[in-house]
Amino acid sequence: MEGAAVENADYYPSRTTRVLIKLIGYTMTIRLCAAYGGRQILIPINSHETHPIALAIGPNKTGKLSKVYGGTTLDIPLETTFVRQRRDKYLTERYESSDDISIASLASEIGLSRKMVSSIINKTGHMVQARRKGRMTSR
């Protein structure tokens, strides 16, 4: 998948995911989701190097979280949800960006069935059938 596009915070529908990427970066957001995904975590007001969050993402990034969200709780998305959002957005954008790309080639590239890729693209409002007929329309 395209690295720069995938790392763009606006790529993700979850507000928390977008905020985390902008604040601590893409890689550290993945680490935070891997460590705490699916849970609410209390962001420390004053972080230290041995705090569990600091051990997961580093003291500098934890300090950034503390400055903005110290003393509050954040709902951390599941890592699988985070990855799925990235994959779905990537598939949809690749399909919509080129008339030459097929569902079959996307399915092969990502390792999913054609039916699953069609379902993902249709879910976003882009109708696969309309494109096959040469008309790009939305639902």
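We did not get these values from a lab; they are worked out from the coordinates using the rules stated. As the structure is a computational prediction, the values presented were derived from the model and not from experiment. Methodologically, a virtual Cβ is constructed for each residue, glycine included, from the backbone with ideal geometry; neighbour enumeration extends over all protein chains shown.
In whole Å, largest first, what are the principal axis extents of the Cα atoms in the range 3-78?
33, 20, 20
Are there any GluC sites (Glu not before Pro) in the range 26-113 that are in a DSSP loop and have at most 16 other Cβ atoms within 10 Å? List them by number.
Answer in residue order: GLU49.
Among the listed pairs LYS22/LYS89; LYS64/LYS89; LYS89/LYS115, which have their C-alpha atoms separated by more than 24 angstrom in this model? Numbers along the way, then the final one.
Values: LYS22/LYS89 18 Å; LYS64/LYS89 28 Å; LYS89/LYS115 17 Å.
Exceeds cut-off: LYS64/LYS89.
Once phi is turned into ³J(HN,Hα) by the Karplus curve 6.51 cos²θ - 1.76 cosθ + 1.60 with θ = phi - 60°, what whole-Hz value does each residue of the range 83-97 show in order, with x for glycine and proline?
For the range 83-97, the Karplus-derived couplings read 5, 5, 4, 4, 4, 5, 5, 4, 4, 5, 5, 5, 5, 6, 7 Hz, x marking Gly and Pro.
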